[in-house]
Each structure stands twice: as C-alpha cells, then as structure tokens.
Amino acid sequence: MNRVRVLCVDDNEEILWALGLHFSHTPDITIVGSLSSLAGLAAALNETKPDILVLDLDMPGKSPLEAMRELDGSGAATRTIVFSGHLRRELIERAMDAGAWGYVSKNDGEDALVTAIRAVMAGEIAWSPEVQSVLALR
Amino acid sequence: MRLSAFILSNMERILQEWEDFARALGAVTKSMDAKALRDHAKDILSDVAADLEIYQTAAQQEAKSKGSVQAPHSEFAATGAGRHGDVRATEGFTLDQMVSEYRALRASVLRLWTRAGGMADRSEAEQITRFNEAIDEALAESVKRYARDVERLIAAAHAKERMAALGTLSAGLGHDMSNVLMPMGVSIAELEHAALPPASKPMLEALRRSVEHLRGLTRGLRSLSADPEDARVSPASTDLSTWWAEATLPYKWTLSADVRLHASGVESTALPAVAVPKHVLMQAVFNLVQNAAEALSSQGGGNIWVSATEDRDEGTVSLQVRDDGPGMDAQTLARCTEPFFTTKPRGRGTGLGLSLVRTAMERHGGRLLINSEPGKGSTFALILPVVQRDAQPQAVRTGILTLRDARVRAMIAALLSGVGVEVSVERESGQAGVGPAAERATAHGFLRVADDSADPREVLRFLDEGGPNVRVVVLGNWFPTNPGSAGEAAMHDGRLIQIAAEPSRSTLQGALRRAIIGWES
C-alpha cells in the first residue's frame, strides 16, 4: 500500500511534534517534512512532492492563503488541508477559495485530520464536524 | 416692580421654594443637604435677572424663542445653569427630574411676583403663568420619554458591544485552547499505550477527561458568543440527546459557589432534535440560568434545575429552568418579557434578556412560558418544536456532475451532499442520463453541473427531456445561449444558470443554492 505523504506547516512546535507522533501510529500516512514557518515551503514542496500539505493559517510572515493560491496555481498535485484553531466563516471560505481541499478544526482533533486526509486522497472535499456546521449549504 | 428687581430682592423666598421642590423629588435627593439641593440656583436666578434687563430686538427675541444658538445672552451654559446640569447628572437626577426643577422655579417666581402685584392685570398674568405651565408639562413629558428612549438605545448598544467583545474573546480563546489541547490529547493517547505502572491509569484517564472537558467548553463558548441572528452559525436544529453535555460546561462556569445547577432528564439521550439552532438554544437557556442565578444570589444562594420532557402528541419538548429563588409578583410576571423591563439595579441588567429569549423562541416556532409566585421560585419553560423523525422519506434529488477539475467536482459534491442531494459523477457526457420518465415523475429534482467537457447537444437534450425539475449549472460560456436559442429560454426561466469557468466557492455556492431553491418553489 502506498502511504500518503504529508508535509506539515505550523509555527507551533507542539502541534508539529504531536502530528509527527500521531501519524507515526497511522500506517497509511507518513510525514515527509515539518516546517515551523512558510519561509522554506516552496523548496520543501519541490523536494518532497507531498500528496497532502497540512497548513496552519495563523503564522507570522507571509500569508498562508497566498501560499495556498500559489500552490493551487502551480499545477502541483499536492492538495492542501487547513488545520486551524480559527473557525470564523469568512476565514474558512477564504481558505476554500484559495484552493484548499479541506479545513479541519484543531478542536476536532488529530483523528478528524486523519479522516480528512483519507477523504481528500479519495477525491473528496473534507470539512471536520465543527467546520461543517459553519459552512453548510442552507 | 420689574420682574428682575423682584427676583433679586426676593431671592431667599424663591430659593426656599426651589429647595422644597427639589427635596420632594424623592430617593435621589433624600440624603442631600440644603446647599446641594439649592445647587447653583442663586447663580441661575441672578443670570436670569440680568438677562431680563438687557435690551432685545424683535429679531433677537424670535431667535431666542426658537432656541437658536446665535441668540445673544444665551451664555447660561458657561455659568450656573451649565454647572447645575453637570452636578445633577453626577448626582443621579434623571433628565425629567432636572427639567421639573426648572418648571417649578418658573411657576413659583411668576406666582410670587403676581401675588406681590408685579403685573398690573392679574388675570393676564395668570394666563401667562398657566400657559407657561402647560407648555412646561408638555415639554417635561417629551423630555421624559426622550430620555427613556435614549437610555434604552444606549443599553441595547452596550449589550451588543458586550456580545461582540465576548465573541472576539471566545474565538481567540478557542484558537489558543485548541493549540494546547491537540498536543495534550496526542500525548495522553501515546501514554495510554505505553508500559506504565498500573497506578498511572486513573491519572491518565483523569487527564483525558480534562482535555475532553476543555474541548467541550471551547465549543460551548463559541456557540454562546455567536450572533443569535446569524442563522448560519450552527445547523437549523439541535440534537437534544447530546446538547446538554456541551451546554452544561459554560453554564456551570459562570455560576457562583452558592448556586447549584442540577440536570433532570435534560441529559437523556432519548430526547429528539428540535427546530432551534444550537447557539440560539444555548444562549436562551444561558439567559434563563443567569437570571435564576442572580435571583438566587439575592437571597444567599439556592438551586437551579434544568429539565426536559417530550410531549409526543404535541410534537414539542418542554425545556424548563426552575429555581427556588424569591419568585415574582403578578405585576413583575406580567411585564418581565417586555423589552427593557428589569428589576436589577441600574447598570446591572439591560432588561433585554427575557425579551430576547421570547423573540428568539417565536422566530423558530417555539414559545416561552413563565410560572412564578412570590416565595415559591420561578419556572421558565421553552416549548421547542420537535424536528419530525418520521417525516415522509425525502424525495429523490440527484446531482450529476460532468466536470474535469477534481477539486471543483469534490467541492460541488460536498456542498450538495450536505443538503441531501445524491451525487453521481459521470466520466463521459450523457452517461448518467436523466433516467426513465417514471423515475423523473417521482423525483424532486435533477441537477446537472457541467463544464466544457460535456457535449452541448447532450446537455440541451437533458434540459429538454428532464421535465420541469431539471436544473443545469454550466461553468464557462461554452453553452450556446444566443438570442432565440433553447439555452436562452432556459436561462430566462431559471432552469439554466451560467457561471465562470473557474468559479469561486461563493459563486458556486450561490449558483447551487439558486438551483435548489428552484426545486423547492
């Protein structure tokens, strides 16, 4: 079985550490890189060619939304899943407009992120339960 | 004697009447001495007397009567009258109380002057006095209402500001909490699988429960601080079988130690879903719990019971908040859901809580019932309409996607599945078809979303054969809609919606919503 190759970007080192630990017990997922800022993102994407980019939205420096738009426009096969503690509707909508395939609330936890990674790999858009309640088409 | 001279030579008598009147205003002046009661009155009267002696042209007189700021000698603002306003405001006088002081002053000066023979024709003088009094009464009434309305508007604005501040705070707190709780959760899970001494098991279990507790609190705070008028914050219905577990945390969090919160039946997992959004329900019950807690604190503590009972015949759930507090008398009970009615001290309550609860319930088809008697506590019941469990099976609604872009396809599939549309993706234009006529007759709707990988002739056939419930959303301008074409006609009657080749999510969402509303109308 081909494992899903994931690159994680979050300025919170504890989150990166926790994701590394959790994915190490998830047989179908492997971490190919962790970045604590967006500075080296382009090089890391180029080098590791991940299937999934797990991206935090609240980081100093360059806008993560801008980075997503660039990735979306580059024709790369990498699909982005936002993993954020922010649940404002307009932010979720902006992330989806910037090319995200998924949006997972950190409060929904690491298992929700794993579910989202699998769904996105199967060609689906993935929103974790807290996000779904904000974005529903009604 | 001229009026100005009369005022100056009878100052003490006039001041005494002013003082007597001010003292009679009630609670606000109870603890004030004569000096405070007479505040600046002497300065004001001296200014008035001086003003009367200054020659005025007809034009100046007219300007003054209209309250024009350009009128000469209207510099009372800088003297006693202005300072008197400041003092009365800080002393807690209402606007109408302050105006009534002036009314009394005018009446007493004119009365004393007339009695002293200050005006040759006493009946004319009396008419002037009466006229002044009548205008004053009208003015006082207007000022009273005006002041009350301004106070209400300010209270409402403050309440809104507080909610907005709470929303910002809760969003920030939620973000920070999740950044801490996620690594904690992962660490605990890791430790649970590690070879640790058996004695550590209960400690890990306590840690795990604590993390869950804080996650629940974060969710609860978000719901609690969301804009109650924003219908998109949470789904249109609340599953009562799981609701209490989330709601109870922030409720308990805000209660003082002398108030105990009990759940009775509300934690039952057998409760149905009700047609009120979760954040609206959480805020309504929060308001009721807070009101009960404040009533209880005034008597040194007590109990609050939150209970729920389903009435299957009525199709409702009664969610009750009961307390063993002081209760309400009939008059308070009758008025307690009026906007701005409050029994709390000034500055504590806005008087909006119960009124908002009632309005929110009515907006979602529910009701607020109140039962209370002095000495017997109060019961507030929210009667919530149950979302019908055994409703007719949903009519078949099908979405067929002919789209090259995998992400756009996935986005549309996610949006449509969210509203119960069965989605199928076709690899080749026309592969999915519109189904047999019998199936179409029972179907609630067919939606086709296609980009230029679809065959225009085939899409046109889909529109022609699909019947009135067919909707087509095309991405890009490849589909012929020139004047006189079938495409133009379909666009005209709303069966065909054309959007950009690479639409934003909001455009997509808007187009899908329009198509679905088309089915439902």
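The values are calculated or read from the model by the stated rules, or taken from the named source; none is laboratory data. This structure is a prediction, so every number in the text was calculated from the model and none was measured. Methodologically, a virtual Cβ is constructed for each residue, glycine included, from the backbone with ideal geometry; neighbour enumeration extends over all protein chains shown.
Here are B:Ala5, B:Ala58, B:Ala89, B:Ala78: which of them is modelled with pLDDT of 85 or more, exposed (fewer than 15 other Cβ atoms within 10 Å of the Cβ) and of a type in the set (A, V, I, L, M, F, W, C)?
After ruling out the rest, the residue left standing is B:Ala5.
Given the structure, is B:Arg513 surrounded by 14 or more Cβ atoms within 10 Å (Cβ to Cβ) and away from every other protein chain (no Cβ under 14 Å)?
When the stated conditions are applied, B:Arg513 does not pass them.
When you go through (1) away from chain A (no Cβ under 14 Å); (2) without any contact (Cβ under 8 Å) to a residue 40 or more places away in the chain; (3) touching a strand residue (DSSP E or B) at 6+ places or on another chain (Cβ under 9 Å) one by one for B:Gly301, which number turns out not to apply?
B:Gly301 satisfies every listed condition except (2).
For segment A:62-73, check the following and say yes or no: at least one residue is within 14 Å of chain B (Cβ to nearest Cβ), closer than 30 Å to B:Leu415 by Cβ and modelled with pLDDT under 90.
yes
Test A:Pro27 against the stated conditions and say whether it is on the phi < 0 side of the Ramachandran plot, touching a residue at least 24 places away in the same chain (Cβ under 8 Å) and surrounded by fewer than 21 Cβ atoms within 10 Å (Cβ to Cβ).
yes
Looking only at segment A:16-40, which residues are within 17 Å of A:Gly61 (Cβ to Cβ) and among the aliphatic types (A, V, I, L, M)?
A:Leu16, A:Leu35, A:Leu38, A:Ala39 - these are the residues of segment A:16-40 that are within 17 Å of A:Gly61 (Cβ to Cβ) and among the aliphatic types (A, V, I, L, M).
State whether the residues of segment B:329-337 include one that is within 30 Å of B:Leu240 (Cβ to Cβ), among the acidic types (Asp, Glu) and surrounded by fewer than 18 Cβ atoms within 10 Å (Cβ to Cβ).
Checked against the condition, which is being within 30 Å of B:Leu240 (Cβ to Cβ), among the acidic types (Asp, Glu) and surrounded by fewer than 18 Cβ atoms within 10 Å (Cβ to Cβ), segment B:329-337 yields no hits at all.
Report yes if some residue within segment A:101-109 is surrounded by fewer than 17 Cβ atoms within 10 Å (Cβ to Cβ) and either facing chain B (nearest Cβ under 8 Å) or among the charged types (D, E, K, R) (or both); otherwise report no.
No, there is no match, as no residue in segment A:101-109 is surrounded by fewer than 17 Cβ atoms within 10 Å (Cβ to Cβ) and either facing chain B (nearest Cβ under 8 Å) or among the charged types (D, E, K, R) (or both).
If a residue must be among the hydroxyl-bearing types (Ser, Thr, Tyr) and within 8 Å of chain A (Cβ to nearest Cβ), how many such residues does segment B:397-414 contain?
0
Kindly indicate whether B:Ala156 is more than 24 Å from A:Glu14 (Cβ to Cβ), surrounded by 14 or more Cβ atoms within 10 Å (Cβ to Cβ) and more than 12 Å from chain A (Cβ to nearest Cβ).
yes
Taking into account only those residues within segment A:46-69 that are surrounded by fewer than 13 Cβ atoms within 10 Å (Cβ to Cβ) and charged (D, E, K, R), which is nearest to A:Arg118 (Cα to Cα)?
A:Glu47
Which residue out of B:Ala164, B:Ala171, B:Ala245, B:Ala189 is under 30 Å from B:Gly365 (Cβ atoms) and facing chain A (nearest Cβ under 10 Å)?
Exactly one of B:Ala164, B:Ala171, B:Ala245, B:Ala189 is under 30 Å from B:Gly365 (Cβ atoms) and facing chain A (nearest Cβ under 10 Å), namely B:Ala171.
Do we have any residue at all in segment B:497-510 that's aliphatic (A, V, I, L, M), within 14 Å of chain A (Cβ to nearest Cβ) and part of a helix (DSSP H, G or I)?
yes
Of all residues in segment A:1-48, which are within 9 Å of chain B (Cβ to nearest Cβ) and closer than 26 Å to A:Gly75 by Cβ?
Within segment A:1-48, A:Asp10 is the sole residue that qualifies.
Limited to segment A:77-93, what total is found for residues that are surrounded by fewer than 19 Cβ atoms within 10 Å (Cβ to Cβ) and more than 8 Å from chain B (Cβ to nearest Cβ)?
4
For residues that are touching a helix residue (DSSP H, G or I) at 6+ places or on another chain (Cβ under 7 Å) and free of Cβ contacts under 8 Å to residues at least 12 places away in the same chain, tally how many sit in segment A:5-24.
Here the count works out to 3.
Six or more apart or on different chains, Cβ atoms under 8 Å: show the pairs whose first residue is in segment B:238-263 and under 17 Å from B:Arg322 (Cα atoms) and whose second is surrounded by fewer than 17 Cβ atoms within 10 Å (Cβ to Cβ) and of a type in the set (Lys, Arg).
Cβ pairs passing all conditions: B:Leu261/B:Lys252.
Going by the conditions given, is A:Arg118 more than 10 Å from chain B (Cβ to nearest Cβ) and either in a helix (DSSP H, G or I) or under 17 Å from B:Ala406 (Cβ atoms) (or both)?
yes
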